[in-house]
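Report on the following structure.
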Amino acid sequence: MKKINFFSIAVITMFLGLSVMFSGCLKLQTDFNRPTNVDTLDAHLYKTAWAYLKARAYGSATDTIFRRMYDGIIYSGIDTNEYIKPNRTFIFLSNSEITTASTGLWAKVLNGSTAGKSWKSYSAADVKNYLSYLIMLGQYSHYNLPLLDVQSATLCPAGVYTTNPATFKFSGTYVSNPNSLLYIHVSNANTVTSQLDYPIVLNGAINITTSDLLATNGIVQVINSGSSVVTPILPQ
């Protein structure tokens, strides 16, 4: 009887183990197509885009990644309340994106082809228009963007970037973007290396470096490459 009891217990134990193992496998199969609203890491900033920018510009002596962008906002005179209004996507530029010699913002754009050395190399009006162009009306992230371009309106006024008349140029190239639109999409995984992690692309050319930071009033997308600049030149 004891042998029969031990055998029965062994069979039951093995059955329970197989049940747990198969239920685990089934759970993995069920979870394979995860809902897009489930985050592995918490991307919430728990503050407005403006509070986040200020905190990482002058909030400490060591974390100053957005200091040059903050300085540009103040120099331009743009209403800082624009960075706390809801339902927007904000393109933030790191210091290197702005200051890198020959490839940064100051070196390449803002109504001319001559490299600047500071925001004051350009008129406050041009800086304001450009920074306004980096504020998209609507929230765009990996959660809702398709592989094809979405044409987003920006805070920049219509008519600023146009070739009619041909007066404004970026990096020596005249711009034809009469409605100040910004194109945005998620890159096709077949056209980029895996380490780029399916980047969000602006105007067909510029990859977002750090994507989908969730401010309390919208989405923050960060460019920190230092080697390419967002311009209002639309893909052809």
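The values are calculated or read from the model by the stated rules, or taken from the named source; none is laboratory data. It should be emphasised that the depicted structure is a prediction, and the values quoted were computed from it without experimental measurement. Here Cβ is always computed from backbone atoms with ideal geometry, including for glycine, and neighbour counts include all displayed protein chains. Surface accessibility is based on the protein's heavy atoms, side chains included, excluding ligands, DNA and RNA. Shrake-Rupley method; radii C 1.70, N 1.55, O 1.52, S 1.80 Å.
Among the candidates Ser171, Ser176, single out the residue that is modelled with pLDDT under 90, of a type in the set (S, T, N, Q) and under 21 Å from Ser76 (Cβ atoms).
Ser171
For residues that are surrounded by fewer than 24 Cβ atoms within 10 Å (Cβ to Cβ) and aliphatic (A, V, I, L, M), scanning just the range 94-105, find the one that is nearest to Val230 (Cα to Cα).
Ile98
Which condition number does Asp126 fail, the rest of (1) part of a helix (DSSP H, G or I); (2) within 25 Å of Ile219 (Cβ to Cβ) being met?
Going through the list (1) part of a helix (DSSP H, G or I); (2) within 25 Å of Ile219 (Cβ to Cβ), Asp126 breaks only (2).
I'd like to know if the range 52-64 contains one or more residues that are out of contact with any helix residue (DSSP H, G or I) (no Cβ under 6 Å at 6 or more places or on another chain), among the acidic types (Asp, Glu), modelled with pLDDT of 95 or more and open to solvent by less than 90 Å² (accessible area, probe 1.4 Å).
no
Starting from the range 199-212, keep only residues that are in contact (Cβ under 8 Å) with a residue 40 or more places away in the chain and open to solvent by 10 Å² or more (accessible area, probe 1.4 Å), then list their pairs with residues that are of a type in the set (A, V, I, L, M) and assigned to a loop (DSSP other than H, G, I, E, B) whose Cβ atoms are within a distance under 9 Å, requiring at least 6 positions of separation or different chains.
Within 9 Å, the pairs are Gly204/Leu234; Ser211/Ala43; Asp212/Ala43.
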